[in-house]
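Have a look at the structure below before the remarks.
What follows draws every value from the coordinates through simple rules; no lab data is involved. Quick caveat: nothing in here was measured; it's all calculated off a predicted structure. Cβ atoms come from the backbone with ideal geometry, glycine included; neighbour counts cover every protein chain shown.
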Amino acid sequence: MSRLSIEIDAEQHRQIKTLATFAGMTMKDFILSRTLAPSSGVDTTEELLSHPENKQRLLESVSASPDEHVVFESLDDLKDALGV
């Protein structure tokens, strides 16, 4: 097995993690699905944003200042906080 490392700033990391969480995926799976999977013609981000509640929560999360960030210990904790 090989390892891939990239340098990204904290904001990029937070955005990718948020998108992956909303997609119910790990960051690794999310990035691989966006780069290696055959294109189904459906953009995961667009699909998530097509639901008004998800769009509002996602946009609020991405635009929040770092001191407003909430760290969740598990996907279940995040789902509970989002009411999903």
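Have a look at L49, L58, L32 and tell me which one the Gaussian network model of the chain (Cα, springs below 10 Å) gives the largest fluctuation.
Taking springs between Cα atoms under 10 Å, the residue moving most is L32.
What aspartates and glutamates does K55 reach when the alpha-carbon gap must be under 16 Å and sequence neighbours fewer than 8 apart in one chain are set aside?
D43, E46, E47
Please arrange D80, D67 by counting, for each residue, the other beta carbons lying within 10 Å of its beta carbon, fewest first.
Values: D80 11, D67 5.
Ascending Cβ contact count within 10 Å gives the list D67, D80.
Over the chain, what is the mean sequence separation of C-alpha contacts under 8 Å (at least six apart), divided by residue count, expressed as relative contact order in percent?
27 percent
What does the extension gain come out to for I31 and H51, with contour length at 0.36 nm per residue minus their alpha carbon separation?
Contour length minus Cα-Cα distance gives 5.0 nm.
Given DSSP loops and a limit of at most 13 other Cβ atoms within 10 Å, what is the longest stretch of the chain that contains no such GluC sites (Glu not before Pro)? Write out the running numbers ahead of the final one.
Details: sites that count: E7, E73.
No qualifying site falls inside 8-72, the longest such stretch.
Can you run phi through the Karplus equation (6.51, -1.76, 1.60; θ = phi - 60°) for the range 69-82 and list ³J(HN,Hα) in whole Hz, with x for Gly and Pro?
5, 10, 9, 9, 7, 8, 5, 4, 4, 5, 4, 4, 5, 8
Arrange the following residues from fewest to most other Cβ atoms within 10 Å of their Cβ: T35, T26, T18.
If I rank by nearby Cβ atoms, fewest first, I get T35, T26, T18.
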